[in-house]
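Beneath this line is the structure, given in C-alpha cells, with notes to follow.
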2 protein chains.
Amino acid sequence: MTHYLEDLTPGRVFSSPSYEVTAADIKGFAAAWDPQHFHLDEETAKASFFAGLAASGWHTAAATMRLMVTSELDLPLGIIGSGLDYLKWHRPVRPGDVLTLRIEVVETREMRSKPGLGLARLRVETLDAEGLAVQTLETQLVVPARTGSPVQ
Amino acid sequence: MTHYLEDLTPGRVFSSPSYEVTAADIKGFAAAWDPQHFHLDEETAKASFFAGLAASGWHTAAATMRLMVTSELDLPLGIIGSGLDYLKWHRPVRPGDVLTLRIEVVETREMRSKPGLGLARLRVETLDAEGLAVQTLETQLVVPARTGSPVQ
C-alpha cells in the first residue's frame, strides 16, 4: 500500500527486512569507497582505533538506504531526501552483525512553494540483533499528499 | 606530512583529487545500495522527480569519503568520525560531473575523557567542475595531539 503524506502520522513506525554484514561485504565496500586498513584487513585492524575489522560508517549508511528502499515504507515518488539533519554512528559494525531498521515518523509539513508536496521528517534507527541502534539519522523526504492539493 | 590536532587551525583548507562520475558508476552503486529507477535507468528516470539519471546521494557521500581518504588531509589514526552534524545534497549529481573536495577546519577541541586525543570539526564541500557545492557536510574526526598530552 502506497503511503501518502496523510498516512505518515507522527509516531507511526515502519520496519524493514534484515541484512547480515559479512567480512567480505565490509572489505568490498571499503575497497571501493573507504580504503582504510581497519576496514580492509583483520590483522592490521587489530592494532587500530577499532581494535578489529569494522565496517565503514558509509557502508552502514548505504545498507540503511537499501533497507529503506525495501522497507514497509512505500512512498509515491520513492525515497528522495535533500539531506540529513544528523547522523550518528553509535558503535562499529562487525562481521556477523544483522541489521534491520526502525523508521519512525517525527513530523510532516506541506511545502508552501510546491502545493501537493510535503516533507516528512523520519528518524531512522539501524538496529543490531539485540535491538540496539548502531546508527541513527534523521532525514526529510519529499512525499506527495493524497489529495494532490496542499495538506490541510 | 601527517597532521596532528595542533596543525588543524580553524580556516585551514585541504583539497583532494577529483572523481569523474559516469553513468556506469551511478547505476552500479544504485544496484548495490539504492535500487530506485531514477538511479538505474536513463529512460524511466526522465519521468521521475529528478528528470533524468541522477546519482544516489549516498553515492556522492561515499565518493566524498574516498576523496577524503586520498586528500591532502593526512591524520594519524585515519579518517574516523562518529557521525555527521548535517549533510545537504544541493543538486543531483549527473553523469559527467567531476567532483573534488574543499575540506575546511571549523574548530578543534580536546576530549576531556581521553587525554591526547581531540576532535576536529570539518566542513566538507563536494564541488563540481564550476566550484559549486553539490553536497556539504560537517563531521567531527578523532585526531591525536602531537604532544600526546591534552591540548593546551
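The values are calculated or read from the model by the stated rules, or taken from the named source; none is laboratory data. Only a predicted model underlies this, so the values are computations on that prediction, with no experimental measurement involved. So basically every Cβ, Gly included, is an ideal-geometry build from the backbone, and we count neighbours across all protein chains shown. Each accessible area value is taken on the protein alone, full model and side chains, heavy atoms only, with ligands, DNA and RNA left out. Shrake-Rupley method; radii C 1.70, N 1.55, O 1.52, S 1.80 Å.
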When chain A is treated as a GNM, springs tying every alpha-carbon pair under 10 Å, which of A:90, A:59, A:39 comes out with the largest mean-square fluctuation?
A:90
On the accessible surface of the protein assembly as shown, probed at 1.4 Å, how many percent belong to carbon and sulfur atoms?
52 percent
What average count of beta carbons from other chains do you get within 10 Å of the Cβ of residues in A:61-70?
5
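Considering Cα pairs under 8 angstrom that are at least six residues apart, work out the relative contact order of segment A:1-121 and quote it in whole percent. It would help to have the intermediate numbers written out before the result.
Working: 182 pairs, mean separation 48.5, N = 121.
Relative contact order, segment A:1-121: 40 percent.
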Sorted largest first, extent of the protein assembly as shown alpha carbons per principal axis (Å):
63, 47, 35
Given Cβ point charges of +1 (Lys, Arg) and -1 (Asp, Glu) and nothing else, what value in debye, to the nearest 20, does the dipole of chain A about its Cα centre take?
440 debye
Leaving out same-chain residues fewer than 8 places away, which aspartates and glutamates sit with a Cα under 19 Å from that of residue B:46?
B:25, B:34, B:97
Quick one: accessible area per residue over the protein assembly as shown, 1.4 Å probe, rounded to a whole number of Å²?
43 Å²
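Please give me the summed charge of the neighbours of residue B:102: other residues whose Cβ is under 10 Å from its Cβ, Lys and Arg +1, Asp and Glu -1.
On the way: positive: B:123; negative: B:104, B:125.
Result for the neighbourhood of residue B:102: -1.
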Straight-line reach from residue B:27: which aspartates and glutamates have Cα under 12 Å away, leaving out those fewer than 8 places along the same chain?
B:41, B:42
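Taking the Cα centre as origin and putting +1 on Lys and Arg beta-carbons and -1 on Asp and Glu beta-carbons, what dipole magnitude results for segment B:76-152, to the nearest 20 debye?
Details: 10 positive and 9 negative charges, 57 e Å.
In total the dipole reaches around 280 debye.
So what is the calculated 222 nm ellipticity per residue for chain A, using -39500 (n - 2.57) for each DSSP H run with n of 4 or more, over all residues, to the nearest 500 deg cm²/dmol? Walk me through the numbers before you get to the answer.
Values: 4 runs with 32 residues, N = 152.
Here the helix-only value at 222 nm equals -5500 deg cm²/dmol.
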Can you spot the lysines whose alpha carbon is less than 17 Å from residue B:88's alpha carbon? Ignore those fewer than 8 places along the same chain.
A:88
Between helix A:57-69 and chain A, what is the angle of the helix's C-alpha long axis to the longest principal axis, kept within 0 to 90° and rounded to the nearest 10?
40 degrees
Answer with one residue from B:76, B:132, B:87: the one whose Cα lies farthest towards the positive end of the charge dipole of chain B, charges on Cβ with Lys, Arg +1 and Asp, Glu -1.
B:76
Across B:120, B:54, B:23, the residue with the highest GNM fluctuation in chain B (Cα network, 10 Å cutoff) is B:23
Taking Cα atoms only, helix B:23-33 is inclined relative to the longest principal axis of chain B by an angle, in degrees rounded to 10, of 70 degrees
Please give the charge dipole size of the protein assembly as shown, origin at the Cα centre, charges +1 on K and R Cβ atoms and -1 on D and E Cβ atoms. Round to the nearest 20 debye.
580 debye
